[in-house]
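In what follows, a single structure is set out as structure tokens and then discussed.
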Amino acid sequence: MNGLVTCAAAGAVILVLAPLVAVFGYLVYKGMGSINFAFLTQIPKPPGEVGGGMANAIAGSALILFLGSLAGVPIGIGAGIYLAEYGRNRFGNVIRFTADVLNGVPSIIVGIVAYGLVVLTQGHFSAVAGGVALAIMMIPTITRTTEEMLLLVPNAVREAAYGLGVSRWRTTLSITLRTATSGVITGVMLAFARVAGETAPLLFTAFGNTYWNWKIGQPTAALPLQIFTYAISPYDDWHKQAWAGALILIVLIVASVSAVRLVASRGMLKGAN
Amino acid sequence: MGVGIKVEKLNAWFGKTQALYDITMEAFANHATAIIGPSGCGKSTFVRCLNRMHETVPEARATGTVRIGDLNVYNGTAAVQIRRRIGMVFQKPNPFPTMSIYDNVAAGLKLNGFNDRKRLEEIVERSLKLSALWDEVKDQMHKKSGASLSGGQQQRLCIARALAVEPEVLLMDEPCSALDPISTGKIEELIFELKERFTIVIVTHNMQQASRVAEFTGFFLLGKLVEFDKTEKIFTTPSDKRTEDYITGRFG
């Protein structure tokens, strides 16, 4: 019986891992051939011309994700702190429910909201609008995981700080949040990885751009958008580049999540949980 | 040097439930005072009222007068100010899990804005020596986490952390109840030495412990102080029948 359960569990693990390995393997198989120096450093060539690359889209994605995180991470963590430390009341429950609903809102609708909020008031598409859309998508995930992680910190730890005459806000920031850091970072990276591959909310916010753009107020290229455009195009060369772009996107997400985890774990101590 | 504690007509509530009734007693400077009584009698609530930790629980409140030296605890002074002058050690060792041993001891000062590194080093060393932990941790106090120590060491770390802010009074809420006999012995020895510098109030479940470490003992029952006297008197010739019944093991 023991063996049977072990086998079943192992089988489930394989079923979970198989699609991941298959997707990644297929991406490498299809995309690896098109990745070269030009792909990583050049902007797209006009349709019909062979060559060019997605450098502007990689940079654009980084810019939009940076803007999104700049707004989404502090707001999400702040709201999570509120819910965990002060939100044991009706207002807290309303926020919790709102965050959960927001988490389930289709991403294209978030895009429409950002369009209405930013693009219409600004009068044109922009990286900021894309950042706002991604921030809205990040906030509920970060809020809820931050709350859960803070609630895992034993109350005895807070009491220890109060007993030393440390004020409540200082306890929350320097003791409770610090104790929960690794969990909070996991939540942030989860949200980041999720929005990094989003296409729909960027369609009519960041819009895309075939040239370099560093101005946050201008339409900006993004990897997912570029992949989408290239994938539905009739050109063979663009199809290949779409595969390559998809591979780069996944590699960059995995790399940035790993990098943050590595840096965060440097600051942790041995023996601490 | 320690200062005396005077409590007059202290009442405490959790919401609508009254937990303490008109407690009037004293804890003398540089002596240890034990608080004994069965579970739920208000021992912990009593010591938590002394440094206003009681009010960190939602809907908890207290009335009455508590004087610690010249400090009027329930009149005008901010709770955080009071807690800096009154150290507290809890039932379960609660070091800050993500901090090193050194940072744990320095936490009270650092978090209150004290940043003189050289002074901090001195204070940490002195506090760890006072709590008899220095020799065991001095080589790796910057590298090892407070949570990696054994239970008894963690509790002495918590004592060091409380001493680092240089309190006048040390409140101990069943500090040995989660510890093995050897660690308990170490902490009891420590209490003896700490009395020279601090006034100690110790809540304990263990009557033998009270008789070992404290000169004075208060017996609590159902939120009331039944008897307060010299420890010897309480354990040999108590004046109240209920005290006698409790210490002879007829209930509790």
What ratio of Cα Rg to 2.2 N^0.38 Å holds for segment A:53-266?
1.15
With -39,500 (n - 2.57) per DSSP H segment of 4 or more residues and division by the full residue count of chain B, the 222 nm estimate, nearest 500 deg cm²/dmol, is -10500 deg cm²/dmol
What does the helix-only formula give at 222 nm for chain A: each DSSP H stretch with n ≥ 4 adding -39500 (n - 2.57), the total divided by the residues, and the result rounded to the nearest 500 deg cm²/dmol?
-22000 deg cm²/dmol
Partners for B:LYS143 among lysines (Cα-Cα distance below 16 Å; same-chain residues under 8 apart left out)
A:LYS270
Restricted to Cα positions, what overall size does the protein assembly as shown have along the principal axes? Three whole-Å values, descending.
104, 58, 50
10 Å Cβ neighbours from other chains, averaged over peptide B:44-52
1
For A:TYR235 and A:ALA18 in one chain, what is 0.36 nm times their gap in residues minus the Cα-Cα distance, to one decimal in nm?
75.0 nm
Say a paramagnetic label sat at a point 7 Å from the Cα of B:LYS224, along Cα to Cβ; which residues of segment B:31-45 have their backbone N under 20 Å from it?
B:35-45
Report the net charge of residues surrounding B:PHE28, where surrounding means a beta-carbon distance below 12 angstrom and charges are Lys +1, Arg +1, Asp -1, Glu -1.
+1
Find, among the trypsin sites (Lys or Arg not before Pro) in segment B:14-68, those assigned to loop by DSSP (not H, G, I, E, B) with at most 12 other beta-carbon atoms within 10 angstrom.
B:LYS16
Note on segment A:1-118: the mean projected area of its alpha-carbon convex hull, in nm², is 14.2 nm²
Give the angle, between 0 and 90 degrees and rounded to the nearest 10, that separates the Cα long axis of helix B:117-130 from the longest principal axis of the Cα atoms of chain B.
50 degrees
Filter B:LYS186/B:LYS230; B:LYS92/B:LYS129; B:LYS92/B:LYS186 down to the pairs with a C-alpha to C-alpha distance above 19 Å, please.
B:LYS186/B:LYS230; B:LYS92/B:LYS129
Loop-only GluC sites (Glu not before Pro) in segment B:1-107, please: DSSP not H, G, I, E or B, and at most 16 other Cβ atoms within 10 Å.
B:GLU59
Chymotrypsin sites (Phe, Trp or Tyr not before Pro) in segment B:187-252 lying in a DSSP loop, each with at most 14 other Cβ atoms within 10 Å of its Cβ, come to B:PHE251
More than 14 Å apart: what percent of Cα pairs in segment B:71-148 qualify?
68 percent
Would you kindly give the portion of the calculated P(r) for segment B:106-195 that falls above 16 Å, as a percent of all Cα pairs?
54 percent
Treat each spin label as a single point 7 Å out from the Cα along the C-beta direction, and report the A:ARG266 to B:GLU196 distance in nm.
4.6 nm
By count of other Cβ within 10 Å, fewest leading, how are A:ILE109, A:ILE253, A:ILE216 ordered?
A:ILE109, A:ILE216, A:ILE253
Which residue fluctuates most in the GNM of chain A (Cα springs below 10 Å): A:ALA133, A:ALA191, A:ALA180?
A:ALA180
20 Å Cα-Cα reach of A:LYS45 towards lysines, excluding residues that sit fewer than 8 places from it in its own chain:
A:LYS240
For B:LEU221, what residues show an amide H to amide H distance below 5 Å, using hydrogens built from the backbone and excluding near sequence neighbours?
B:VAL226
Hey, fewest Cβ within 10 Å first, where do B:TYR74, A:TYR230 land in order?
B:TYR74, A:TYR230
Sort B:155-163, A:151-159 for me by packing, meaning the mean count of neighbouring Cβ atoms within 10 Å per residue, highest on top.
B:155-163, A:151-159
To the nearest 10 degrees, how steeply does helix A:181-196 sit against the main Cα axis of chain A, on a 0 to 90 scale?
20 degrees
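Taken together, the values in this text are just the output of simple stated rules run on the coordinates, not laboratory data. What you are looking at is a predicted structure, and each value in this text was computed from that prediction instead of being measured. Reconstructed Cβ throughout: ideal geometry from the backbone, glycine too, with neighbour counts over all protein chains shown.
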